[in-house]
Amino acid sequence: MKTPRTIVVGITGGIAAYKAVNIVRAFVLNGDSVHVVATTAALRFVGKPTLEAISRNPVHTDLYEGVAEVRHVAIGQGADLIVVAPATANSIAKLAAGLADDLLGNTILASTAPLVIAPAMHTEMWNNPATVANIAVLRSRGITIVGPGVGRLTGADSGAGRMEEPETIVAVALAVLDRQASGLSRGAEAATSAVQDLAGRRVLISAGGTREPLDPVRFLGNRSSGKQGVALAQAALARGATVTLVAANLEVAVPSSITTVLVSSAMEMHEAMTLAAESAEVIIMAAAVADYRPKMVQLGKIKKEDVGDTLTLELVKNPDILAGLSAARRRGQLIIGFAAETEADADRLLALGRDKITRKGCDYLVVNRVSQHEGFGTERNSVTVLDRHGVIVNEASGSKMSVANCILDLIG
Ligand code: C5P
């Protein structure tokens, strides 16, 4: 059983406060202990009983309650992570100035835990130079900012400023927490500095499984869901990187703060990766790319009446994107590949990995076993990372997010 972590969810007074209930619920379902600190304005948008029922803890608002237990600092001191969602323009300004005129301000100032905020406001407020400057200040302090997304706002208008979806905020927050925990195991100093260790790095990740068209309605595909690649993108984002995701047929949502290029076939992925690689410092090929594609793509649907009892497909080889990027790598560019293998024997699995990294020419190779129950489509993964000499440099087993963080440790 995992030890529950204490997560403080700060809710400020914006209409998106109603979505904070889902954030609280997701943390509780994840087994964490959640304490809500809501501003007075937040409670005009969402009810205290709802938050207490969902968080299973009292909700605190008033600076002058619980004085005997020094609550204004105790909540922050006891937190492993603080998430402020939604964070209004006003609360962002207060955070940047270090104000402590309410319980949430005191809680944040009294805490050394990592802070994740999810801004939500109208586009004009988000683009206002005051907010832009305040956000820059928060980023420079290592605070993780999730979103905002672009989309429909409260009124009839749309644009940047919509609070990022609750599941994305939770995923990024948990990635920050996992990262903090792995930092703590290496010492408190590492923990505080490690959180934003990819700040400013440009990371390109491929995810999902390609589909090779046979005709307008059919394709040859694979079981990859894209979960590991998306977890890598979320973890890199949480660690401060600028992330581009080349996504093929994902079964999972991608945070809108990640630049995503949608592709379907291996040839499309090849083109998108080659282009995006020009400005990437780190490339991670987590996608399952088809090695072959049908030589001919039929213009109309293939009909069994025309084909008869057997259908023979002629396939041609796809370009090996990873090998190509490795061969054309710019100075200082770091390239990581994956090897998904069905080999059950651990030694033979590693031997396959060692052969592969030699052929692909990448810097690291993440070797994982896949079957109908392991690797592809599942929530967990188990990997061994080899360097270019075939030496094991990291091993990880657990959620795809924790595996992602172990892989990113190689570039941090
Ligand atoms: O050769 P294999 O498919 O096992 O290699 C796996 C690695 O190579 C993965 O990182 C995958 O993304 C990449 N790959 C590629 N282009 C291909 C096939 C695989 O980049 N055509």
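The values are calculated or read from the model by the stated rules, or taken from the named source; none is laboratory data. The shown structure was predicted, so the numbers you read here are calculated from the model rather than taken from an experiment. Every residue, glycine as well, gets a Cβ built from its backbone with ideal geometry; the counts of neighbours run over all protein chains shown.
Quick notes
- The residue list 323, 346, 351, 327 contains one member that is among the aliphatic types (A, V, I, L, M) and within 26 Å of the chain's Cα centre (by Cα), which is 323.
- Residue list for the range 280-298, restricted to those being near the ligand (Cβ under 9 Å from one of its atoms) and part of a loop (DSSP other than H, G, I, E, B): 286, 287, 289, 290, 291
- Pair list, Cβ < 7 Å and 6+ apart or interchain, from the range 299-325 residues that are assigned by TED's automatic domain parsing to the domain that holds residue 359 to residues that are near the ligand (Cβ under 8 Å from one of its atoms) and charged (D, E, K, R): 317/291; 318/291; 322/360; 323/359; 323/360
- Selection of the range 328-342 for residues being over 21 Å from residue 201 (Cβ atoms) and either in contact with a Gly (Cβ under 6 Å, 6 or more places away or on another chain) or buried (at least 16 other Cβ atoms within 10 Å of the Cβ) (or both) yields 339, 340, 341.
- Residue list for the range 334-356, restricted to those being without any contact (Cβ under 8 Å) to a residue 24 or more places away in the chain, more than 13 Å from the ligand (Cβ to nearest atom) and over 11 Å from residue 384 (Cα atoms): 345, 347, 348, 351
- Pairs, first assigned by TED's automatic domain parsing to the domain that holds residue 276 in the range 254-265, second buried (at least 18 other Cβ atoms within 10 Å of the Cβ) and of a type in the set (Phe, Trp, Tyr), C-beta under 7 Å, six or more apart: none
- Tallying residues that are within 13 Å of the ligand (Cβ to nearest atom), out of contact with any Asp or Glu (no Cβ under 8 Å at 6 or more places or on another chain) and farther than 19 Å from residue 205 by Cα within the range 357-376 yields 2.
- Any chance residue 307 is under 23 Å from residue 208 (Cα atoms), β-branched (Val, Ile, Thr) and either modelled with pLDDT of 95 or more or away from the ligand (no atom under 16 Å from the Cβ) (or both): no
- Of all residues in the range 65-89, those that are assigned to a helix (DSSP H, G or I) and over 24 Å from residue 170 (Cβ atoms) total 7.
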